[in-house]
Amino acid sequence: MTTLSRRRFLKGAIALGAGAVLYRYSGGWKIMLAAGPEVRQLRLIHTNDHHARIEPATGITIRAGSASGTRSLGGVSRRRTIFEQIRADTSWTSNPTYQQDKIFLDAGDVFQGTLYFNAWRGEADHYFYNNLGYDAVGIGNHEFDLGDQALADFIRGTGYPNSTTTSFPIVSANITASGASPLAPLFEGDLWATPGRWARAVIRTLPSGERVGIVGLTTAETPNIASPSSDVTFGADYANIIQPLINTLRGAPNNCRTVICLSHIGYEGDRALAAAVRGLNIIVGGHSHTPLLPTSLGLTPGASPVAAYPQVVDDLDGEKVVIVQDWEWGKWIGDLVVGFDADGRVSSVGSASTVIPVWANDVPSSRSPLPGEPPTAIAPFAAFETAITTTFKPRIDALNNQIFGASLSELPNANVRARETALGNLIADAFRDRILRAGGNPAGVPIVAIINGGGIRTSLPAGVLTVGRLREVMPFGNTLCYVDLTGAQLKAALENGYSALQPRAAQGADRNPVGTGRFAQVSGLKVVVDVSGDAAQPPQPATSTQPAIPARPGTRVRSVEVQVGDGFEPLDLARTYRVVTNSFMLAGGDGYSVFTSRGDQADPSVGGGRNQFNTFLIDADVVQEYIEAQPNRTVNPRVDGRLSVRYLVRLPVITTAAAAQPAAFSDAAD
């Protein structure tokens, strides 16, 4: 560590809360916590929410200050290369006793997300995870997307032609499997001991002789967002479920001085859990795909951070619990050094290399590397690349040609950015249907769907439908989401959706009309749009040649009716509605900022949505499943009048005293 002068020390120390101070220095940073003298260290390498991303994700935006570019990130071949480099590294600690005390963890949702899962049902992921050398893996909700059997196969491993018995422990403390579930006979109880089984927790003995207890948790929402059998239940009282296990792991004869929770309950749930237990040192999280980055990191390799990496929360006794999460898809690898005192309390959290972006391609020749961006890709692990190209990829190519259904008519995408279309109706109906069938709506909130026409990239032909063609229509790999909006917020979302229609479209920062990809295709709604009304206009700053543009609510949406049961009712501005959409729009894409907690930009008075939820079901898979469920796997969607876009001429209103009053929102244009 670089020696600091007193002045530099005072400038570099930042209070993090009671008993915690962050020290920055040229080699990284270190959080010192109020514990006894540090006697040992552990290096923690972690991932979460792999989602069948065998190959790298492409087109990820990289930022450094105001500069940006795109790179590919992730892929199991380069993850293996980084893991091997970390295993060989002894420079991370000056104490030779603990140089090999490294633990590799994954917090679940290995399944679902690419055609590798559709084609291999977990086998491809199992092969690579079995050869990555994880010390423990949690169970995510998506492990139940194909029911209990696919997860049982993954736990055993022996049923896969291209793999062997599962070598890594699989843990979850709040899952109970009984009856006919194939998971029941594979359960070992509190502690894992046998490859091909699962348990509530596992103890790993490190090269130094230190014993680490690892307990798992899976979101209790799994029955509402996946497909476990009725013989599988999920406990929701997370703290009271794992506290006895923490006590068991710490007590004799187990004597674990370090206890880690592999949590798949989401970032906010992890923070609440940390504050509600005793004796837990670290939470390695997943489920919410939360990007945490060190505050000193100049380069943002993908998503902007939600919070700093790591988080430190006080438990019930005031002891420190370290919380980490690693965004998604193996795009980054979390790499953390944790120090402990003699009593097993966390004494420091330092950086071995903090967050490691898994660079999967060279910087494109069209641009220069950004500050801090390496120009070349990480070398792939050769044996993994061979397995991908010779064993697993050919089935993906075949699946692209697989016929899954048929359409009685051609479904063009020619007008998806301008008017109601049969293709837009099909996709929006599939989105809404999936959430309707999922349940988890005890209050009976009306459910509607809004999708962006710009996400519908090509047409579906009449006749047979193939997996590959559907993914050409929906190529972005967005996921199915929903958000709860008031009626006023729902109207604001629709105003945004029709704000790009000419004439008098809303203007962007460059004073050109905003993109038309935001056009709202809908389900569960009847909407009348009058394009002669004002387009919803977000505020735009002044430039050297143009004045500022103020925010302005839209007045184009003239009437909205919402499907409630078998009928339609007028939109109630104060009522809550559940809006199904995609992950791009949920994050505010195409101007749908009202879907976020930031609120609507054109009409800030309505605020923003709440209860945002990402199912992480791929949008094209949702549509394929919907088509496969139709009689004879055949669809024939039609334009049914759910959306009327009218181009009307308004005559000026002459007033002499009072200002002209706008028409009531519920009045339909004529």
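The values are calculated or read from the model by the stated rules, or taken from the named source; none is laboratory data. Given the structure is predicted, the values throughout are model-derived calculations rather than measurements. All Cβ positions, glycine included, derive from the backbone under ideal geometry; neighbour counts span all protein chains shown. Remember, those area values only see protein heavy atoms, side chains included, never the ligands or the DNA or RNA. Shrake-Rupley method; radii C 1.70, N 1.55, O 1.52, S 1.80 Å.
Things to note:
- Gained length - residue 611 relative to residue 398, 0.36 nm times residue gap less alpha-carbon distance: 72.8 nm
- Segment 167-173 - phi-based ³J(HN,Hα) in whole Hz, Karplus 6.51/-1.76/1.60, Gly and Pro as x: 8, 9, x, 10, 10, 7, 8
- Taking the C-alpha atoms of the chain, convex hull volume expressed per residue in Å³: 193 Å³
- Under the convention that each Lys and Arg Cβ holds +1 and each Asp and Glu Cβ holds -1, the size of the dipole of segment 235-394 around its Cα centre is about 180 debye.
- Taking a point 7 Å out from the Cα of residue 268 in the direction of its Cβ, the residues of segment 283-325 whose backbone N falls within less than 20 Å of it are 283-293, 304-309, 311-314, 323-325.
- Additional length obtainable on full extension of the chain from residue 278 to residue 644, 0.36 nm per residue less Cα span: 125.9 nm
- Solvent-accessible area, 1.4 Å probe, carbon plus sulfur percent, for the chain: 51 percent
- Placing dummy labels 7 Å off each Cα toward the beta-carbon, the span from residue 88 to residue 167 is 1.8 nm.
- Pairwise FRET efficiency - residue 502 versus residue 555, Cβ, R0 = 25 Å, nearest 0.05: 0.95
- For the chain, share of DSSP beta bridges that run antiparallel, in % to the nearest 5: 70 percent
- Segment 562-569 - phi-based ³J(HN,Hα) in whole Hz, Karplus 6.51/-1.76/1.60, Gly and Pro as x: 10, 6, 10, x, 9, x, 10, 10
- Between helix 619-628 and the chain there is an angle of about 70 degrees, using the helix long axis and the longest principal axis of the Cα atoms.
- Label point distance in nm, residue 237-residue 70, each placed 7 Å from Cα along Cα→Cβ: 5.0 nm
- Taking packing as the residue-averaged number of other Cβ atoms within 10 angstrom, the listed peptides 51-57, 258-264 run from highest to lowest as 258-264, 51-57.
- Long-range Cα-Cα pairs in segment 361-489 (distance over 23 Å), rounded percent: 58 percent
- In this structure the chain gives 39 Å² per residue of accessible area when probed at 1.4 Å with all protein chains present.
- Folded to 0 to 90 degrees: helix 487-497 orientation relative to the chain principal axis, Cα: 80 degrees
- Subtracting the Cα-Cα distance of residue 441 and residue 306 from 0.36 nm times their residue separation leaves 45.8 nm of extension gain.
- Distant-in-sequence amide H partners of residue 70 (H built 1.01 Å from N, under 5 Å): 62
- Remark: spin-label model distance residue 39-residue 379 equals 4.2 nm, labels positioned 7 Å along the Cα→Cβ axis.
- J(HN,Hα) series, segment 442-453, from Karplus relation 6.51 cos²θ - 1.76 cosθ + 1.60, nearest Hz, glycine and proline x: x, 7, x, 5, x, 10, 10, 9, 10, 10, 8, x
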